[in-house]
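Enquirer: Got a structure here, written out as structure tokens. Questions coming.
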Amino acid sequence: MRVAVITLAILAMTGPAMSETIQLYAAGSLKAALSDVAKTYETASGNKVEAKWGASGLLKNDIAGGAKTDIFASANMEHPQALHDAGKSGVVVLFTRNRLCALVRPGLQVDSTNLLEQMLDPNVKLGSSTPKADPSGDYAFEVFAKAEALKPGARAALEKKALLLVGAADSAVPPPGRTTYGWHIAEGRADIFLTYCTNAMAAQKENPAQQVVALPEKLSVGADYGLTVMNGASPAAQAFAQFVVSEAGQKIMESHGFAPRK
């Protein structure tokens, strides 16, 4: 019954049409969740979703430079808003939420109460994504800014020691089937990695010995994800975007650890 309802809802969005291919550019942290959303949409509509995953800032630059896509789903609101402001897309919709967590190597004694102390320890390797290129890096640097209020000098120390291991165009790529953050932890390139909670949980599934530590309230940083449909996109693309924010699409997002958009 649920599949039938979803099918009818999607058909109502699209109307009768030939099968179409929808081009999606989306943040890497959305890969598992939006892939499942796309599969459900494809089954119900007969259309196909082709996705390119990557750091939102780099994807935004590609689109601004002329890369063709129908939908852009970013790990922040600013990058899609920049495309809208440049006259390249429609309104930007907040479609899901995430938070930052700390992924910690096995054996390192870290919890929410001593996380800042451990991040500041000169012997602890601290990993993050690359600011500007990847919103995850921007959010990590927000954590560093908040740390300054708790311990004077912490911001500069954390910004200086942070290893920008992912998110850049030349960042190392993990072997197939490995999560990026869990791979860096396993290879010893970082002892603590600030990343999205959804990414940290996926890494822990791959390696249960890796720890997922919640940031204390005073360091906590949330992430609002924005979606925009590009000018000239087909009705099928519009329908897919509507499905992402529909009740059925949101339930799929939540099953992957994302928080409701409202």
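Enquirer: Once the Cβ-Cβ distance between Ala169 and Ser255 is put in as r, and R0 is 22 Å, what FRET efficiency do you end up with, to the nearest 0.05? Please report the intermediate quantities before stating the final value.
Expert: Working: r = 32 Å, r/R0 = 1.44.
Taking R0 as 22 Å, the efficiency between Ala169 and Ser255 is 0.10.
Enquirer: Which number gives the lysine pairs in the stretch 24-73 that have C-alpha atoms under 19 Å apart and are eight or more places apart or on different chains?
Expert: Lysine pairs meeting both conditions in the stretch 24-73 amount to 10.
Enquirer: So, one more: What's the magnitude of the charge dipole for the stretch 189-262 around its Cα centre, counting Lys and Arg as +1 and Asp and Glu as -1 at the beta-carbon? Answer in Debye, nearest 20. Walk me through the intermediate numbers first.
Expert: Values: 6 positive and 6 negative charges, 9 e Å.
Around 40 debye, computed over the stretch 189-262.
Enquirer: Then there is this: Provide the net charge surrounding Ser234, with neighbours chosen by a C-beta distance below 11 Å and charges set as Lys +1, Arg +1, Asp -1, Glu -1.
Expert: Net charge around Ser234: -2.
Enquirer: For the stretch 43-97, I need the span (max minus min coordinate) of the C-alpha atoms along each principal axis, in Å, sorted largest to smallest.
Expert: 33, 26, 21
Enquirer: Add -39500 (n - 2.57) for each DSSP H run of 4 or more in the chain, then divide by its residues: what number comes out at 222 nm, to the nearest 500 deg cm²/dmol? The partial results should precede the final answer.
Expert: On the way: 11 runs with 112 residues, N = 262.
Calculated from helices alone, the mean residue ellipticity at 222 nm is -12500 deg cm²/dmol.
Enquirer: Evaluate the distance, in nm, between pseudo-label points positioned 7 Å from the Cα of Asp111 and of Ala209 along their respective Cα→Cβ axes.
Expert: Those two pseudo-labels are separated by 2.2 nm.
Enquirer: OK, next. I need the calculated FRET efficiency for the pair Arg178 and Asp62, taking r as the beta carbon distance and R₀ as 25 Å, to the nearest 0.05.
Expert: Working: r = 25 Å, r/R0 = 0.98.
The pair Arg178/Asp62 has a calculated efficiency of 0.50.
Enquirer: Could you work out what % of the accessible surface of the chain is carbon and sulfur, using a 1.4 angstrom probe and leaving DNA, RNA and ligands out of the count?
Expert: On the way: 6590 of 12070 Å².
Of the solvent-accessible surface of the chain, carbon and sulfur hold 55 percent.
Enquirer: Here's something else I'd like to know. If packing is taken as the average count of other Cβ atoms within 10 Å, what order do 249-258, 135-144 fall into, highest mean first? Walk me through the numbers before you get to the answer.
Expert: Values: 249-258: 19.0, 135-144: 23.9.
Ranked by mean Cβ neighbours within 10 Å, highest first: 135-144, 249-258.
Enquirer: Viscosity 0.890 mPa s, temperature 25 °C: what is the translational diffusion coefficient of the chain from Stokes-Einstein with a Kirkwood Rh over Cα pairs, rounded to a whole number of µm²/s?
Expert: Details: Rh = 19.1 Å.
In µm²/s, the coefficient rounds to 128.
Enquirer: Follow-up question, since we're still on this one. Normalised by the empirical 2.2 N^0.38 Å for globular proteins, what value does the Cα Rg of the stretch 100-202 take?
Expert: It is 1.00.
Enquirer: Okay, moving on. When all alpha-carbon pairs of the stretch 204-262 are counted, what percent fall beyond 17 Å?
Expert: Values: 1031 of 1711 pairs.
Above the 17 Å cut-off, the stretch 204-262 has 60 percent of its Cα pairs.
Enquirer: Next up: Which of Asp170, Asp224, Asp70 ends up with the largest GNM mean-square fluctuation for the chain, with Cα atoms connected below 10 Å?
Expert: Asp170
Enquirer: Does anyone have the angle between helix 235-245 and the longest principal axis of the chain? Alpha-carbon axes, 0 to 90°, nearest 10?
Expert: Relative to the chain, helix 235-245 is tipped by roughly 40 degrees.
The values are calculated or read from the model by the stated rules, or taken from the named source; none is laboratory data. For clarity, every value in this text was computed on a predicted model and none was experimentally measured. All Cβ positions, even for glycine, are placed from backbone atoms using ideal geometry, and neighbour counts span all protein chains on display. Each accessible area value is taken on the protein alone, full model and side chains, heavy atoms only, with ligands, DNA and RNA left out. Shrake-Rupley method; radii C 1.70, N 1.55, O 1.52, S 1.80 Å.
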